[in-house]
Amino acid sequence: MASGMLENEQLDDLLTGGRVILQKKDGFRYGTDAVALAQFARVADGENVLDIGTGGGILPVLMSLKANASFTGIDIVPEMVDMATRSADMNGIGDRVKFALCDIKDIPCIFKGKIFDAVVTNPPYKKEGSGIPSKNYNSYIARHEVLCTLEDVISGGSSVLRRGGRFYMVNRPDRLCDALALMRKYGVEPKRLRFVHADPEKAPVMFLVCGVKGAGCELIVGDPVVLSGTGGTVGFLENRGLECPV
């Protein structure tokens with residue numbers, strides 16, 4: 001058993017930059033949505049990035065490869081925060097990737113006075129009461145709006161985002177109208193949108209959106225992205241890159 005790994009956990013190789021991540025054997029696990037968002041979101045050296053609903057910390061662990069930036073991941077589940085912290089330590093990035101226990105609704109109070117350059121989030125996709133609930137509680141709250149809503153996520157992210165700061169999110173196509181309306185409601189203007197397909201001949205399975213706080217109106221819809229490969233890898237339609245230019 002690897003150092004710092006508990007009995008009900010396993011250590012997975014992310015197959016990029018030597019990064020690894022701890023995951024529960026019988027709980028919620030990261031998917032291609034998180035990998036796609038990590039590649040889509042742009043980050044620069046010296047920036048401060050907040051990951052809302054970090055889970056096992058997959059976004060900060062992957063995004064820390066892109067730039068020498070500082071990351072803060074928050075989650076409401078103590079065991080997930082603990083596991084994410086150990087993953088960061090195993091990757092030798094614990095000095096700039098931190099995780100904290102936080103209710104999304106408390107973001108304005110907990111981070112009062114702290115401003116972030118970028119916010120990333122892979123929020124629960126399904127409204128409470130919809131779909132078939134998972135028997136695993138952590139998986140259930142990761143997929144359903146039980147402890148927070150999409151509005152909580154977007155309003156909380158906007159409250160700590162600097163003017164001109166970037167908000168990156170992945171979600172399902174049926175939540176697109178909700179997402180864009182809420183972003184604009186809280187002063188985060190949608191600027192870039194890309195649809196992600198599992199099959200280029202079928203409807204998209206998710207979308208990636210970037211908004212900029214305080215920006216003017218102009219939404220650019222980029223080329224479609226097609227997922228390929230296994231084990232969390234992401235391929236691109238005609239090898240086009242995924243990183244957002246904003």
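Miscellaneous remarks
- Test: residue in the stretch 14-21 that is touching an Asp or Glu at 6+ places or on another chain (Cβ under 7 Å), farther than 22 Å from Thr149 by Cβ and basic (Lys, Arg): no
- Listed conditions (1) at pLDDT 95 or above; (2) of a type in the set (D, E, K, R); (3) not in a helix (DSSP H, G or I) are all met by Glu128, apart from (1).
- On inspection, Arg192 does not qualify as surrounded by fewer than 18 Cβ atoms within 10 Å (Cβ to Cβ), touching a strand residue (DSSP E or B) at 6+ places or on another chain (Cβ under 7 Å) and modelled with pLDDT of 95 or more.
- Cβ-Cβ under 7 Å pairs, at least 6 apart or on other chains, the stretch 185-200 side on the phi > 0 side of the Ramachandran plot and in contact (Cβ under 8 Å) with a residue 24 or more places away in the chain, far side of a type in the set (Gly, Ala, Ser) and surrounded by 18 or more Cβ atoms within 10 Å (Cβ to Cβ): Gly187/Ser158
- Residue in the stretch 46-61 that is at pLDDT 95 or above, assigned to a loop (DSSP other than H, G, I, E, B) and acidic (Asp, Glu) present: yes
- Residues that are of a type in the set (Asp, Glu) and over 17 Å from the mean Cα position of the chain (by Cα) within the stretch 61-97 comprise Glu79, Asp82, Asp89, Asp95, listed in sequence order.
- In the condition set (1) surrounded by fewer than 16 Cβ atoms within 10 Å (Cβ to Cβ); (2) part of a helix (DSSP H, G or I); (3) small (Gly, Ala, Ser), Gly164 is compliant with all but (2).
- Counted residues, the stretch 222-244 - those being within 18 Å of Cys210 (Cβ to Cβ), at pLDDT 70 or above and either of a type in the set (D, E, K, R) or out of contact with any Cys (no Cβ under 9 Å at 6 or more places or on another chain) (or both): 6
- Residue in the stretch 120-129 that is among the small types (Gly, Ala, Ser) and over 15 Å from the mean Cα position of the chain (by Cα) present: yes
The values are calculated or read from the model by the stated rules, or taken from the named source; none is laboratory data. It should be emphasised that the depicted structure is a prediction, and the values quoted were computed from it without experimental measurement. Cβ atoms come from the backbone with ideal geometry, glycine included; neighbour counts cover every protein chain shown.
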